[in-house]
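Notes follow the structure.
The values are calculated or read from the model by the stated rules, or taken from the named source; none is laboratory data. None of these values were measured; they are calculated from a predicted model. With ideal geometry, Cβ positions are generated from the backbone for all residues, glycine too; neighbour counts draw on all protein chains shown. Protein only, heavy atoms only, side chains kept; ligands, DNA and RNA dropped before computing areas. Shrake-Rupley method; radii C 1.70, N 1.55, O 1.52, S 1.80 Å.
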Amino acid sequence: MAKKFYITTPIYYVNDVPHVGHAYTTLAADVIARYCRQKLSKENVFFLTGTDEHGANVAQAAAKHGKTPKEYADEVSPRFQEAWKLLDIEPDYFIRTTDPRHKKIAQEVLQKIYDKGYIYSGDYEGWYCIGCEKFLTESDLIDGKCPLHPTREPVYQKEKNYFLKLKELSQQVLKRIEQGEYHILPEKRHNEIVTRVKQGVEDISISRAGVSWGIPVPWDKTQTIYVWVEALFNYYTATQFIEGKQKFWPPNLHLMAKDILWFHSVIWQALLIAAGLELPKTIFAHGFFTIDGQKMSKSLGNVISPEQLVNTYGVDGTRYLLLSAYQFGSDGDLSLAKFTERYNADLANGLGNLIARTAKVSSGVTLSKHLNITFENVSTDEYKKALEQYRFQDALAFIWEKIKFADKLVDDNEPWKLKGKDLEEFIQRVIPHIQEIATLLLPFLPQTAEKILEQFKGPTIVSQPALFPRIQ
Ligand code: MSP
């Protein structure tokens, strides 16, 4: 593993309040960041998230609420920060693209790309989807509508724009992918991107004449920088304006869902090559989930908020249920009925029950041996490999095998029937297993893991209220 680790999530649009989709990616990033902090120490990890605040979509949402775009962004951006706090997600920095320091550096990078001759002026004519904030080709449209935003009419635009020479740059992008300079994961996504680049890529417009809510193009103030281009720059600008973070460039891992992989694996890389900057190491696109088999959408009324989950399952319950629902990287389905079932089986009966009964039989016994359980000496290759390949479900399954083993140890020895030296011996045997389980749980369930470690650190052990009360 590298000596430093820089991990990012997408910066989310402020036209929407945080929902479980945003939480899913940010939580995954938090688990990786916590794991890396255990391995590399806190100062060597930089976990960045934030909000994407410019563009026509945000301006329209603000107008609907009778606010200026900036007022609206100032209202919604903190909602994301609060949601991450609620879920015990601890980014090292939260970037907002309306930050003047971001604006300044974004302009400087774009100017550099312009000076190197990778940008030219031309006329754009075509369909634009404001919901996606992207141009659509005729073949993208289904019955004349954007497939992702069928209720919003695409807008036909004809205007003067600046273009990035993506066609030319994409050949360099392909070369760098093929030489393994950066990796697109999972493998299936790598293959999709390579095929698409080989099919041919057109130059893209990187400025807007008709959108005033944006960062001005530095050499032509009548235009603003296309919101996606400037948003991608956030990963770089943050390292430049936050003190002490320069050393983190380039990113080790960009996390996102597959919907925005093209932007991250091709357009972003082309911009970096044009600017002469080093490329990120890995781009990982996870899948999209549905809710009870249906697309999550406002119109269906099935959008789940982080608060709703935390109110029912608690912070760590929510963290566990989201990351164990299906393998990270694949598409999946979330269902509250299944969440409740798994909460009761794995958390209330599994982990919670093991801790409660072990504490109960241990109370009154004084631990004699000094136990040296650290993250390094308990995280075995199987667990590490799973986490380093972003297989959260497998890493959790590995811990739950250990929970089952410890449970069996208790069942087989019936400690409630033991007394004196026999009981003491049993306790000394079972507690290292509990401590190991808690240590491995640290990146996933930080509060629970800390509570267990505290409860079993000795010399005496006291029963505590149930970690995961059963849900009826
Ligand atoms: N602002 C851009 C990103 C710019 S990054 C330089 C954007 N924002 S977004 O608010 O639409 O967030 C998209 C991301 O939210 C997805 O890539 C994914 O991380 C997350 N998800 C939103 N809905 C989701 C699901 N239903 N399933 C999985 N992830 C989901 O795009």
Over segment 123-135, the set of residues free of Cβ contacts under 8 Å to residues at least 60 places away in the same chain and open to solvent by less than 40 Å² (accessible area, probe 1.4 Å) is Gly126, Tyr128, Cys129, Cys132
Identify all residues within segment 161-176 that are of a type in the set (A, V, I, L, M) and either at pLDDT below 95 or open to solvent by less than 10 Å² (accessible area, probe 1.4 Å) (or both); write none if there are none. Leu164, Leu166, Leu169, Val173
Quick one: in segment 325-345, of everything that is touching a strand residue (DSSP E or B) at 6+ places or on another chain (Cβ under 6 Å) and of a type outside the set (A, V, I, L, M, F, W, C), which residue is most open to solvent (accessible area, probe 1.4 Å)? Asp333
Given the structure, is Tyr162 of a type in the set (Ser, Thr, Tyr), in a helix (DSSP H, G or I) and touching a strand residue (DSSP E or B) at 6+ places or on another chain (Cβ under 7 Å)? no
Could you tell me whether Thr380 is among the hydroxyl-bearing types (Ser, Thr, Tyr), open to solvent by 60 Å² or more (accessible area, probe 1.4 Å) and at pLDDT below 95? no
Given (1) more than 16 Å from the ligand (Cβ to nearest atom); (2) closer than 21 Å to Gln308 by Cα; (3) of a type in the set (A, V, I, L, M, F, W, C), Val14 misses just (1)
Over segment 388-447, the set of residues under 23 Å from Leu253 (Cβ atoms) and assigned to a loop (DSSP other than H, G, I, E, B) is Gln389, Tyr390, Arg391, Leu442, Pro443, Phe444, Leu445
Residue that is surrounded by the most Cβ atoms within 10 Å (Cβ to Cβ) [pool: residues in segment 22-39 that are near the ligand (Cβ under 7 Å from one of its atoms) and over 24 Å from Trp213 (Cβ atoms)]: Tyr24
Of everything in segment 298-324 that's within 12 Å of the ligand (Cβ to nearest atom) and in contact (Cβ under 8 Å) with a residue 60 or more places away in the chain, which residue is surrounded by the most Cβ atoms within 10 Å (Cβ to Cβ)? Leu322
So, in segment 282-297, exactly how many residues are over 16 Å from the mean Cα position of the chain (by Cα) and away from the ligand (no atom under 12 Å from the Cβ)? 2
So, in segment 448-472, of the ones that are in a loop (DSSP other than H, G, I, E, B) and small (Gly, Ala, Ser), which residue ends up nearest to the chain's Cα centre (by Cα)? Ala466
Please determine whether any residue of segment 61-74 is assigned by TED's automatic domain parsing to the domain that holds Asn252, over 20 Å from Phe288 (Cα atoms) and within 14 Å of the ligand (Cβ to nearest atom). yes
In segment 255-280, what residues are surrounded by 19 or more Cβ atoms within 10 Å (Cβ to Cβ) and in a loop (DSSP other than H, G, I, E, B)? Pro280
Could you grab the pairs with beta carbons closer than 7 Å, sequence gap of 6+ or different chains, first residue in segment 433-459 and without any contact (Cβ under 8 Å) to a residue 12 or more places away in the chain, second one of a type in the set (A, V, I, L, M, F, W, C) and open to solvent by 20 Å² or more (accessible area, probe 1.4 Å)? Ala449/Leu442
What tally of residues in segment 277-322 results from selecting those that are touching a helix residue (DSSP H, G or I) at 6+ places or on another chain (Cβ under 9 Å) and farther than 23 Å from His264 by Cα? 22
Filter segment 192-238 for residues that are surrounded by fewer than 23 Cβ atoms within 10 Å (Cβ to Cβ), in contact with an Asp or Glu (Cβ under 8 Å, 6 or more places away or on another chain) and under 15 Å from Ile130 (Cα atoms) and give the result. Ala209, Gly210, Trp228
Checking Thr151 against (1) farther than 20 Å from Ile260 by Cβ; (2) part of a strand (DSSP E or B), only one condition comes out false. Which one? (2)
Is segment 239-254 home to any residue that is surrounded by 16 or more Cβ atoms within 10 Å (Cβ to Cβ), within 16 Å of the ligand (Cβ to nearest atom), in a strand (DSSP E or B) and in contact (Cβ under 8 Å) with a residue 60 or more places away in the chain? yes
